[in-house]
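Just below is one structure, and these are the notes that go with it.
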2 protein chains.
Amino acid sequence: MPSYTPPTKDMQFILHDMLKITESGIPGFGELEPDFTKAILEEAGKLSAEVLHPLNVVGDSEGCRLENGVVYTPTGFKAAFEQIKEGGWPGLDMPEEFGGQGMPHVVGAAVGEMFSAANQAFTMYQGLTHGAASAILAHGSDAQKKTYLPKMVSCEWTGTMNLTEPHCGTDLGMMRTKAEPQDDGSYKITGQKIFISSGDHDMADNIVHLVLAKIPGGPEGIKGVSLFIVPKFLVKEDGSLGERNGVSVGKLEEKMGIHGNSTCVMNYDGATGYLLGEEHKGMRAMFTMMNEARLGVGMQGLAQADAAYQNALEYAKDRLQGRDVTGAKNPDGPADPLIVHPDIRRSLMDQKSFVEGARAFVLWGAHLIDKAHRAQDADADGLISLMTPVIKGFLTDEGYDMTVLAQQVYGGHGYIEEWGMSQYTRDARIAMIYEGANGVQALDLVGRKLAQDGGKHVMAFFDMVKAFCKEHGEDAAMAEFVGPLKAASKDLQTAGMYFMQEGMKNPNNALSGSYDFMHLFGHVCLGLMWARMAKASQEALAGGTSDVAFHETKLATARYYMARRLPMTATHLARIQSGAEPVMALEAANF
Amino acid sequence: MPSYTPPTKDMQFILHDMLKITESGIPGFGELEPDFTKAILEEAGKLSAEVLHPLNVVGDSEGCRLENGVVYTPTGFKAAFEQIKEGGWPGLDMPEEFGGQGMPHVVGAAVGEMFSAANQAFTMYQGLTHGAASAILAHGSDAQKKTYLPKMVSCEWTGTMNLTEPHCGTDLGMMRTKAEPQDDGSYKITGQKIFISSGDHDMADNIVHLVLAKIPGGPEGIKGVSLFIVPKFLVKEDGSLGERNGVSVGKLEEKMGIHGNSTCVMNYDGATGYLLGEEHKGMRAMFTMMNEARLGVGMQGLAQADAAYQNALEYAKDRLQGRDVTGAKNPDGPADPLIVHPDIRRSLMDQKSFVEGARAFVLWGAHLIDKAHRAQDADADGLISLMTPVIKGFLTDEGYDMTVLAQQVYGGHGYIEEWGMSQYTRDARIAMIYEGANGVQALDLVGRKLAQDGGKHVMAFFDMVKAFCKEHGEDAAMAEFVGPLKAASKDLQTAGMYFMQEGMKNPNNALSGSYDFMHLFGHVCLGLMWARMAKASQEALAGGTSDVAFHETKLATARYYMARRLPMTATHLARIQSGAEPVMALEAANF
């Protein structure tokens, strides 16, 4: 069975050496001293490793079951959920006003990574609740906040998001679920929603469904979509639970992975719903939830990659097979450990340099959210809006690839379920799909985010990279990091220029390269993260750190990323610059 | 449920327009006229689509079961296996002397692709039998051939290969299974073998296990390994079945995919075995089987990719979602089909250009085997030996990636088992692992095959590419294919030079780049195949073919490969040229 070691030390390095969060000027962040964040991370790590992780394989092998309309979660999930609730973890970064602990999002993200790495299927129950609560927080009336938030912040009630219908997922303008206004101000919701994660289960007293639906007579298409709160049990005036609402589970899906999470077909048969936000402005309200969810899903890519990598590393150290061609490393044993072999190293270093770079990327993104929300920093808000599709798309694609690499280290043992490596691959696969398939992320990036506010945010990104390169350009010790970062950033700029010039002539010249652009952008971001981490480690070493090995390892891993991962930008650029012609040449009938 | 359309037209194009097999000068090949091969391919295609394919999902969902020591295959497998046997398909390219049909390997490979695409788990039962029969054909005594081959060629008896033990897979020198000589010339085999595909089942009267074991007192390590025939039921003098041998199923493995194939732990408890080939020369005999199996596994990568691609294409044509940004293509419908979107095209073209290029690569490889075996062409033999790890490693890695792309086209529907796309991904995953994990293929390529016979075969490959480029270099219509092929081939040569120069100083400089080299080589091979197919289509168009659309589509797909896939060689070269330093920098303890 796999093991999981919480990466709290690496997180502390990112929070304090790289991001220097106490110096970030955000109100209250001066108190986030290393000892303080360490205590939180270690407590969350303990829970992850000791409570959530052992249930990961259980969830995968048992799955959920639907009996007489009720979904039952796998053995042990309910008790673990109680522990999570008792510790107050679901409300870690929620407002104290509603029972949360008011911690920064960057700390919540670090905790979330560990929970996801330990048990993605389980953590989705609270993750979706968090997203739904955020939407109510942003768009709900005072009464709605008062009714739902305290229960959701504590996870006594959980939440879901209901977008997809059988005939439409990405193109939600086609949705058929309708919301008919009632005299009392509520609506009757009727329709079918599919792929509803945590749609029903036995771990909460109530489930608060956020449901997109159309009010008859409203605008056509996506502009006529509204968002509704549809609780499983209606809530009485006094806050206690009333009768069962007209929502039921139509089916529990059999999936490739995340078996421990209940993915439901939800049937709404004249269920009572309450408008959240404004009529026909449902997508705006849903996007509060979606954007948060997208960052969380990007983090899942990293989390699964780390969990898989940790086990591949242990296996590579333990498994004796073959000899080091440059001389036996374990001469008294029957063979050397796998880790002596260069090709195993290649795989492990690909994984390690991704995982640590991605972690920095996610926490940097979370810190931008803190800046935007708590310091009203509009630039940070614009930058994280630009970065959201990159974090979601790039980190889940690469994260998945890393789970495949980790599985491969095990040889045949990686393919049989007994060793648990198949589950990482199967679970990681969903992250490329849900919350907007990665092709949609690329479209969002190229079709919308690049040009947002007159291209201000992407220019700010380039300026930031340029400023970093300039600041450290004269520093000989940083040359090996600044050089490759500059080259990769130039590829990204060239691609952006290509889109501007050729996309004018034909938008397909830009759209045909959107996916490669998302990956090119991701590599530049990880290049920047590695350059920043290299600088932080150089500072620590210069400052006489007691942990020389940790920082030397960071520098070596940064070098690996520059030498072996960043060159990928050239291929993405070449693909982008080939334009729409090769992509669109065929008539559909001639495929 | 997925569908499968046999790609017989594309195969005919490769056999006759590109390879021109009737003109290849191999004895008997003059008779392989298009109508003749078409009849065979269409018959095999019919069986694939109508008999094997419908059982693919059944095999996945039911799996095999072990009851009282006996393995039962999924519903319908046994009847389908009877049909395969009745048609004489298992012996298609086996010698007529033993009941085969004596057809060329290139035809057998084309048939094999369709069988595998339709049902990989099922086809493995006959595939392994074919491999085991080939080993007996090459290394068996006349008596052994007479006893086993007719039954195995017909698949009345099936075969297995037993290499891996719990503590050793790649490093077989450590194996513990022992073979003790008996007075009657037989051996008593004792030990445990794992991951034995088709290890036991209910579809054949007998199972012929080929087992690697050590004769006590023999040389240490891999040089003391011998190969044995260990039948499930002992065979009497008259050829009838005698008593049960001391071999039993210890366990049936639960796997990520290929559930329809029985992957067994096999226990040998003093089982009677018969030496196949010479004492201590077991690896040589096993490699006859392994090399054949590796080519077959490379083909599986292509086969799963094609099956998945076909369904992704259909879905992209059917599913209405969003609008073409350049103008609605289905204005009367609620939305346009997915295939109008450039990013969906990008995915489909990546898949299509891989599948058709890989098919040409596999059939070209199979044709080399025919040349080697039937025309005693030593150069062809050397070339296919060089190509074997590339076909196995590159095509299974890329084939897997293509199943992931195909799954992604379905969005959330790709993740639930109901639509069948998850199975392609899960089944394709094993091909990167078995018959030597792909890292071992890369090691074989760089550590052994490149230098084989003084580097003669890799030089022959470069000469062949050079000759093609020279022959068509003046042809303006071919310039768009010859140019990129030349550039990619130059990257490959540069990488080879790097290995020669820097590998001398430190072998890890070569081994750290072995995996990238295998992929770089694969891309050059597919580039060559696409250039050759482009030429063949130009000739057909010039000759006034009635199927203009088919050949125009070939040319457009060739352009796509050149523009969008071949540029990957630059990244692989950059990774290779960064050498061992970034890969090997860390002490194992510092990971």
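The values are calculated or read from the model by the stated rules, or taken from the named source; none is laboratory data. Only a predicted model underlies this, so the values are computations on that prediction, with no experimental measurement involved. Ideal geometry is used to build each Cβ from the backbone, glycine not excepted, and the neighbour counts take in all protein chains shown. Protein only, heavy atoms only, side chains kept; ligands, DNA and RNA dropped before computing areas. Shrake-Rupley method; radii C 1.70, N 1.55, O 1.52, S 1.80 Å.
Only residues that are of a type in the set (A, V, I, L, M), at the interface with chain B (Cβ under 9 Å from one of its Cβ atoms) and in contact (Cβ under 8 Å) with a residue 12 or more places away in the chain: list them for the range A:422-449, please.
Within the range A:422-449, A:ILE430, A:MET432, A:ALA437, A:VAL440, A:ALA442, A:LEU443 meet the criteria.
Does B:GLY414 qualify as being more than 22 Å from B:ILE576 (Cβ to Cβ) and free of Cβ contacts under 8 Å to residues at least 60 places away in the same chain?
yes
Restricting to the range A:370-379, what's the tally of residues that are surrounded by fewer than 22 Cβ atoms within 10 Å (Cβ to Cβ) and part of a helix (DSSP H, G or I)?
5
A:MET504: of a type outside the set (Phe, Trp, Tyr) and at pLDDT 95 or above, yes or no?
So A:MET504 does not fit the description; no.
Tell me, yes or no, whether the range A:537-545 has at least one residue that is within 27 Å of the chain's Cα centre (by Cα) and modelled with pLDDT of 95 or more.
Yes.
The rows are residues; the columns are (1) under 33 Å from the mean Cα position of the chain (by Cα); (2) more than 7 Å from every other protein chain (Cβ to nearest Cβ); (3) of a type in the set (A, V, I, L, M); (4) within 24 Å of A:ARG532 (Cα to Cα).
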{"site": "A:LYS317", "(1), (2), (3), (4)": "yes, no, no, no"}
{"site": "A:LEU320", "(1), (2), (3), (4)": "no, yes, yes, no"}
{"site": "A:ALA328", "(1), (2), (3), (4)": "no, yes, yes, no"}
{"site": "A:GLY333", "(1), (2), (3), (4)": "no, yes, no, no"}
{"site": "A:LEU338", "(1), (2), (3), (4)": "yes, yes, yes, no"}
{"site": "A:ASP343", "(1), (2), (3), (4)": "yes, no, no, no"}
{"site": "A:ASP350", "(1), (2), (3), (4)": "yes, yes, no, yes"}
{"site": "A:VAL355", "(1), (2), (3), (4)": "yes, yes, yes, yes"}
{"site": "A:ALA360", "(1), (2), (3), (4)": "yes, yes, yes, yes"}
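Filter the range B:101-138 down to the residues that are over 20 Å from the mean Cα position of the chain (by Cα) and open to solvent by 10 Å² or more (accessible area, probe 1.4 Å), then identify the one that is farthest from B:ALA44 (Cα to Cα).
Among those residues, the one meeting the criterion is B:ALA138.
Working only within the range B:404-419, note down all residues that are within 11 Å of chain A (Cβ to nearest Cβ) and either under 17 Å from B:GLN120 (Cα atoms) or in a helix (DSSP H, G or I) (or both).
B:VAL404, B:LEU405, B:GLN407, B:GLN408, B:VAL409, B:GLY411, B:GLY412, B:HIS413, B:GLY414, B:GLU417, B:GLU418, B:TRP419
Can you confirm whether the range A:557-574 contains a residue that is in a loop (DSSP other than H, G, I, E, B), aliphatic (A, V, I, L, M), assigned by TED's automatic domain parsing to the domain that holds A:VAL482 and closer than 26 Å to A:MET464 by Cβ?
yes
Go through the range A:9-34 and give me each residue that's within 14 Å of A:MET114 (Cβ to Cβ) and crowded, with 21+ Cβ neighbours inside 10 Å.
A:MET11, A:ILE14, A:LEU15
Matching residues to (1) surrounded by fewer than 22 Cβ atoms within 10 Å (Cβ to Cβ); (2) of a type in the set (Asp, Glu); (3) closer than 30 Å to B:PRO582 by Cα:
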{"site": "B:GLY447", "(1), (2), (3)": "yes, no, yes"}
{"site": "B:ASP463", "(1), (2), (3)": "yes, yes, no"}
{"site": "B:GLY473", "(1), (2), (3)": "yes, no, no"}
{"site": "B:ALA488", "(1), (2), (3)": "no, no, yes"}
{"site": "B:PHE521", "(1), (2), (3)": "no, no, yes"}
{"site": "B:GLY544", "(1), (2), (3)": "yes, no, no"}
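Being touching a strand residue (DSSP E or B) at 6+ places or on another chain (Cβ under 8 Å) and within 30 Å of A:VAL57 (Cα to Cα): is that true of B:GLY250 here?
So B:GLY250 passes the test.
I'm told B:THR288 meets every condition in (1) modelled with pLDDT of 95 or more; (2) within 26 Å of B:LEU526 (Cα to Cα); (3) hydroxyl-bearing (Ser, Thr, Tyr) except one. Can you identify the failing condition by its number?
(1)
Need a quick list: helices (runs of 4 or more DSSP H) entirely within the range B:8-91 having at least 2 residues that are small (Gly, Ala, Ser).
Output list reads B:34-47, B:54-62, B:77-86.
With the requirement that a residue be of a type in the set (S, T, N, Q) and touching a helix residue (DSSP H, G or I) at 6+ places or on another chain (Cβ under 8 Å), what does the range A:370-400 give you?
If the condition is that a residue be of a type in the set (S, T, N, Q) and touching a helix residue (DSSP H, G or I) at 6+ places or on another chain (Cβ under 8 Å), then A:SER385, A:THR388, A:THR396 are the ones that fit.
Could you check B:ASN311 against (1) touching a strand residue (DSSP E or B) at 6+ places or on another chain (Cβ under 9 Å); (2) surrounded by 21 or more Cβ atoms within 10 Å (Cβ to Cβ); (3) in a helix (DSSP H, G or I); (4) within 13 Å of chain A (Cβ to nearest Cβ) and say which number it fails?
Unmet condition: (1).
Just to verify a result, which residue in the range B:262-308, among those that are β-branched (Val, Ile, Thr) and more than 14 Å from chain A (Cβ to nearest Cβ), is least open to solvent (accessible area, probe 1.4 Å)?
Filtering the range B:262-308 for residues that are β-branched (Val, Ile, Thr) and more than 14 Å from chain A (Cβ to nearest Cβ), the one least open to solvent (accessible area, probe 1.4 Å) comes out as B:THR272.
Given the options B:THR37, B:THR73, name the one that is buried (at least 22 other Cβ atoms within 10 Å of the Cβ), of a type in the set (S, T, N, Q) and closer than 18 Å to B:GLN126 by Cα.
Answer to the selection: B:THR73.
For the range B:549-591, name all the residues that are of a type in the set (D, E, K, R) and more than 7 Å from chain A (Cβ to nearest Cβ).
B:GLU552, B:LYS554, B:ARG565, B:GLU581, B:GLU587
Cβ-Cβ below 8 Å, separation at least six or inter-chain, first residue in the range B:569-581 and at positive phi, second of a type in the set (Gly, Ala, Ser) and surrounded by 20 or more Cβ atoms within 10 Å (Cβ to Cβ): which pairs?
What qualifies is B:GLY579/B:SER512; B:GLY579/B:GLY513.
In the range A:434-452, is there at least one residue being of a type outside the set (Ser, Thr, Tyr) and under 24 Å from A:MET533 (Cβ atoms)?
no
Hey, among the residues in the range A:431-443 that are in a helix (DSSP H, G or I) and open to solvent by 10 Å² or more (accessible area, probe 1.4 Å), which one's nearest to A:LEU405 (Cα to Cα)?
Looking at residues that are in a helix (DSSP H, G or I) and open to solvent by 10 Å² or more (accessible area, probe 1.4 Å), I get A:GLY439.
So A:SER546 fits all but one of (1) farther than 23 Å from A:GLU471 by Cα; (2) within 13 Å of another protein chain (Cβ to nearest Cβ); what number is the exception?
Exception for A:SER546: condition (2).
Can you spot a residue in the range A:478-490 that is of a type in the set (Ser, Thr, Tyr), touching a residue at least 24 places away in the same chain (Cβ under 8 Å) and within 30 Å of A:GLN538 (Cα to Cα)?
Yes, there is a match, as at least one residue in the range A:478-490 is of a type in the set (Ser, Thr, Tyr), touching a residue at least 24 places away in the same chain (Cβ under 8 Å) and within 30 Å of A:GLN538 (Cα to Cα).
Take the residues of the range A:232-261 that are assigned to a strand (DSSP E or B) and without any contact (Cβ under 8 Å) to a residue 60 or more places away in the chain: which is nearest to the other protein chains (Cβ to nearest Cβ)?
Once the filter is applied, the top-ranked residue is A:GLY250.
How many residues are assigned to a strand (DSSP E or B) and more than 14 Å from chain A (Cβ to nearest Cβ) if we restrict to the range B:127-172?
Residues meeting the conditions: 4.
List, please: which pairs have Cβ atoms under 7 Å, are six or more places apart or on different chains, and start with a residue in the range B:320-336 that is open to solvent by 50 Å² or more (accessible area, probe 1.4 Å) and end with one that is outside any loop (DSSP other than H, G, I, E, B)?
Once the first residue is open to solvent by 50 Å² or more (accessible area, probe 1.4 Å) and sits in the range B:320-336, its partners that are outside any loop (DSSP other than H, G, I, E, B) give B:LEU320/B:PRO337; B:VAL325/A:PRO507; B:VAL325/A:LEU511; B:THR326/A:PRO507; B:THR326/A:ASN508; B:LYS329/B:VAL340; B:PRO334/A:MET174; B:PRO334/B:LEU320.
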